[in-house]
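Below is one structure, written out as structure tokens; the observations come after it.
The values are calculated or read from the model by the stated rules, or taken from the named source; none is laboratory data. None of these values were measured; they are calculated from a predicted model. With ideal geometry, Cβ positions are generated from the backbone for all residues, glycine too; neighbour counts draw on all protein chains shown. Protein only, heavy atoms only, side chains kept; ligands, DNA and RNA dropped before computing areas. Shrake-Rupley method; radii C 1.70, N 1.55, O 1.52, S 1.80 Å.
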Amino acid sequence: MADNTRNIRNICILAHVDHGKTTLADHLIAGAGAGVVHPKLAGRLRFMDYLDEEQRRAITMKSSSISLQYKEHSINLIDSPGHMDFCSEVSTAARLSDGALVLVDAVEGVHIQTHAVLRQAWIEKLTPCLVLNKIDRLISELKLSPMEAYTRLVRIVHEVNGIVSAYKSEKYLSDVDAILSGPSGDVGSDQNLAFLDVEDDEEDTFQPQKGNVAFVCALDGWGFCIREFAEFYASKLGASTAALQKALWGPRYYNPKTKMIVGKKGVAGLSKARPMFVQFVLEPLWQVYQAALKMNKDPKVVLQAVMSRWLPLFDAVLSMVVRCMPDPVAAQAYRITRLLPKRQVLSDGVDPNVLAEAELVRKSVEACDSRPEAPCVAFVSKMFAVPMKVLPQRGLHGEIINNVSDEGELNECFLAFARIFSGVLYSGQKVYVLSALYDPLKGESMKKHIQEAELQSLYLMMGQGLTHVASAHAGNLVAIRGLGQHILKSATLSSTRNCWPFSSMAFQVSPTLRVAIEPSYPADMGALTKGLRLLNRADPFVEVTVSARGEHVLSAAGEVHLERCIKDLKDRFARIDLKVSPPLVSYKETIEGDVVDKLENLKLFLKSSDCVKKKTPTKGNAQTNKSLDTKISRIEEDENPTEALTKRIMDAVESDIYSSGENDKDRVEKCKLKWQKLLKRIWALGPSQVGPNILLTPDLKGKDTDGSVLIRGNSHLSEKLGFVDACGSGNIAGDTSSEVTQALYEEAESLESSVVSGFQVATAAGPLCDEPMWGLAFLIEAEIEPLTAQCDEVEASHQQHEQYGIFRGQVMTTVKDACREAVLQKKPRLVEAMYFCELNTSTEHLGSMYAVLGRRRARVLKEEMQEGSPLFTVHAYLPVSESFGFADELRRWTSGAASALLVLSHWEALPDDPFFVPKTEEEIEEFGDGSSVLPNTARKLINAVRRKKGLHVEEKVVQHATKQRTLARKV
């Protein structure tokens, strides 16, 4: 494979669904793919969509790569999906690329997925180029004038630049915050201000006059950058190419009298003055189209023949790629902070040789060192399965290869989709496979995160075909055989043990759609288990788990993704008949948190009047448990997550206080002080030690006065978050004058973990329908009371058990019951996940679309008409539980004229009280007495979940009702 690293370009195509990615890829392959695709078939063949399901649905589901030769450059092109269900494939494609072609439909404009792919390119530090596709629709479909089309194109470029500028501003402001909160506080120092010289802060990212914006029609096979027209007109107008390139975009006009390029003031007296882009670029295009439409022949065929010869698409796009996108050497130097961020070594007992070699490997990756003696480092972004018949049957020298399947009878082979970042990779080489948790400085303790593997074969990916290669240098993309048993999803490959693993990839969403799967015949359970294991390896985004009830649960990103996973299981990996349950929707449980007076709410929380008390069977163990609703903002990817979490908690506290409309400064300060005191007492988070619920240590003031001992807890979590100094907090012994008290203190210390475990169990399964709790704070005061001399008969019967002390399981159960009962006392509410829904439809189908949204409890946010088109765009929130079959129903009711895109947005508490009973006269008049009230939405959802989990459901079942008798008796 090509070893001239400077002539390599690794690019991916990113866009919203149906904006023309695969059609564009077809034309690039037809022009530079060495005859793989005939130019007449480009656009209809969909060469990169080689799966049957992709061809049937006409959408891309898997990212696939192909190597193109353009002049002296080797271009590795990755086509990625645009559907939100397959956004994980976008992440894997972006990690292996250095640049991105961002496609935007000139008619539909920027969509929600366009935001998502621009965000992904920004996170992975890719160099983007903008491609405005479907320019022909402005002429033939919308019938815009050249000036109207120019206004539309300017607006789209400006909108895309605004999105990227928002990401730049976000990074800039976070850097400023980091410096202002730094220990030095010296804001004026040169070192602190160095970050202000960020790249092109004043300039837009996409500027047609710079050559990084292309205007194309992928279906007809033509396209251009401003550079091409500048070269056309340079000799005719007597101006330099560089000057024309700057003038052909923006408010620049050509004065025919003076034959000079002027601004808007220079053409004030001319009546037909129009920008140079309109006059010299768009008007000739409009004239060609209008002339073709007047011919007797098929205008589509004529336009394709003429335009593809005049402005070949592949030449315009690939020349832009070579000119504007970096080679691997320049790209890796820029992307190294994302790929291999610098690690802070805190431990003193580190082997300096290991550290030096790890730093040498990092420098090799940064320099993209392609010498054979350089350390070899590669990153596998995903594993993908191919049928054995796709593998090359002959080797490099024409010998016949006997390919044997890795998976026995399934006839499937797993390949690793990888990029080499340093050194040379060759067949038969032994490498180390490093997981994301591997740390070379920890030595023997990291054995489970490192494996040694031998590479069987290397392949160059050519879309649906594979070509054998003996070796590959740094900067190239390859498919590797022989790692199927060593890698589950992604991993780092290294020729040395002393190498840091690459940072994990960022996915835009998480799998939210879950179904339970079982075989139609119980004897096929083994085949299903093996099939799920293979599917889990073949799909980077799918999750396979076993529920508490023993069901195999498959989690996918959406309905289309789930359908494809089920089809793969049936046809490829398991090859058995399956039973698929209705979708399992995740819910959460919380309490009503709309409180007007924040300070009074905090005071009530800290008092001990309103509490739940529980006792263990053996000794007194009073549990004080209160709940407080807190809203903490989402943590995004950050270099220091602990500091980010601390900062966001404090920001959430301040915004929560000010959002209540509190103007009294004294009350605001008191509220802040109360919050700070609470944040110094964080004992644990739950469930699973990382959840959105907080356990607070009890307040020790005024306690231990009646002989009982309080389980004090430990606020070590507050220490880690920086809310309290790391000094001996927590287990401080009190008065230990008597032996009994000393024994109680020791027992209290040993039971701390039991209290935390009870809290974790309670928050993992709430009282409404055994779903996790969300946004609650618990204050647990667990006291151990000594037995008095005046024991009643019941206590005396337990004295024989006192030699064993309090059983830990009893404490856990008591804490769990107290937490669940406290939630029930504080107006419990069900929380459901919400999709952000973007819908597009024409005016005549707007009513039908609103009818579908109304039936599914959707909440419409805004409705606006797209400028220059008859389409309406509607934004709404749709509950995840109501989204199943939504797209099909929408197509059915609007005759296919409406399309919808769903993105997971947030969690939202249902306002309905699941235990609502009419009490006031108005409520009784509206709903009737308690016996006749129908269950509200929250109660229906709770009952459905409880029924699915096999829990008790309170419902009236009529068993022996008197049948209605009619006059006609039918036998």
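Straight-line cross-link reach from residue 297 at under 22 Å between alpha-carbon atoms covers these lysines, not counting any fewer than eight positions away in the same chain: 40, 143.
Pairs with C-alpha atoms separated by more than 22 Å, drawn from the list 588/816; 530/567; 670/827; 125/363; 579/949, are 670/827.
Label-to-label distance, residue 71 versus residue 863, with points set 7 angstrom from Cα along the beta-carbon direction: 5.2 nm.
So, with a 1.4 angstrom probe, what is the percent of accessible area on the stretch 516-584 that is carbon and sulfur? Using a 1.4 Å probe with all protein chains present, the stretch 516-584 comes out at 53 percent carbon and sulfur.
May I ask you to compute the full-extension gain from residue 454 to residue 310, defined as 0.36 nm times their residue separation minus their alpha-carbon distance, rounded to one decimal in nm?
Details: separation 144, 0.36 × 144 = 51.84 nm, distance 5.07 nm.
Taking residue 454 through residue 310 to full extension adds about 46.8 nm, to one decimal.
With a 10 Å radius around each residue's Cβ, average the other Cβ atoms per peptide and rank 213-224, 428-439, highest first. Write out the running numbers ahead of the final one.
Details: 213-224: 25.2, 428-439: 16.9.
For the peptides 213-224, 428-439, the packing ranking is 213-224, 428-439.
The length gained on full extension between residue 55 and residue 947, counted as 0.36 nm times the residue separation minus their Cα-Cα distance, comes to 317.1 nm. Segment residue 549..residue 168, full-extension length gain: 132.4 nm, with 0.36 nm per residue of separation and the alpha-carbon distance subtracted.
When a/c is below 1.5 the answer is rounded, else prolate if a/b is larger than b/c, else oblate, so apply that to the stretch 275-408 with a ≥ b ≥ c taken from the square roots of the Cα gyration tensor eigenvalues.
Details: a/c = 3.73, a/b = 1.70, b/c = 2.19.
Taking the square roots of the gyration eigenvalues as a ≥ b ≥ c, the stretch 275-408 is oblate.
Over the stretch 512-593, accessible surface divided per residue gives 41 Å², non-protein components excluded, 1.4 Å probe. The accessible surface of the stretch 24-125, taken with every protein chain in place and a 1.4 Å probe, is 53 percent carbon and sulfur. The residues of the stretch 830-949 expose on average 52 square angstrom of accessible surface per residue, using a 1.4 Å probe on protein heavy atoms.
For a distance above 21 Å, tell me the whole-number percent of Cα pairs in the stretch 428-496 that qualify. Don't skip to the answer; put the middle values down first.
Details: 732 of 2346 pairs.
Roughly 31 percent, rounded to a whole number.
Cβ-Cβ distance of residue 654 and residue 954, R₀ of 25 Å, FRET efficiency by 1/(1 + (r/R0)^6): the value works out to about 0.05.
Highest mean first, the peptides 537-545, 60-68 sorted by other C-beta atoms within 10 Å per residue fall in the order 60-68, 537-545.
Given R0 = 25 Å, the distance between the Cβ atoms of residue 154 and residue 300 translates into a calculated FRET efficiency of 0.30. Put the Cα centre of the stretch 243-297 next to the Cα centre of the stretch 754-777 and the gap is 68 Å.
Using a probe of 1.4 Å, the accessible surface attributed to residue 337 totals some 70 Å² when neighbouring protein chains are kept in position. Is the C-alpha gyration tensor of the stretch 516-584 telling us rounded, prolate or oblate? Criteria: a/c under 1.5 is rounded; beyond that, a/b larger than b/c is prolate, otherwise oblate. Verdict is rounded for the stretch 516-584. With a Förster radius of 25 Å applied to the beta-carbon distance between residue 575 and residue 393, the computed FRET efficiency rounds to 0.55. Among the trypsin sites (Lys or Arg not before Pro) found in the stretch 282-315, those both in a DSSP coil and sparsely packed, with 12 or fewer other Cβ atoms within 10 Å of their Cβ, are 294, 297. Placing dummy labels 7 Å off each Cα toward the beta-carbon, the span from residue 920 to residue 350 is 6.5 nm. The distance between label points at residue 824 and residue 241 comes to 8.0 nm (points 7 Å beyond Cα on the Cα→Cβ vector).
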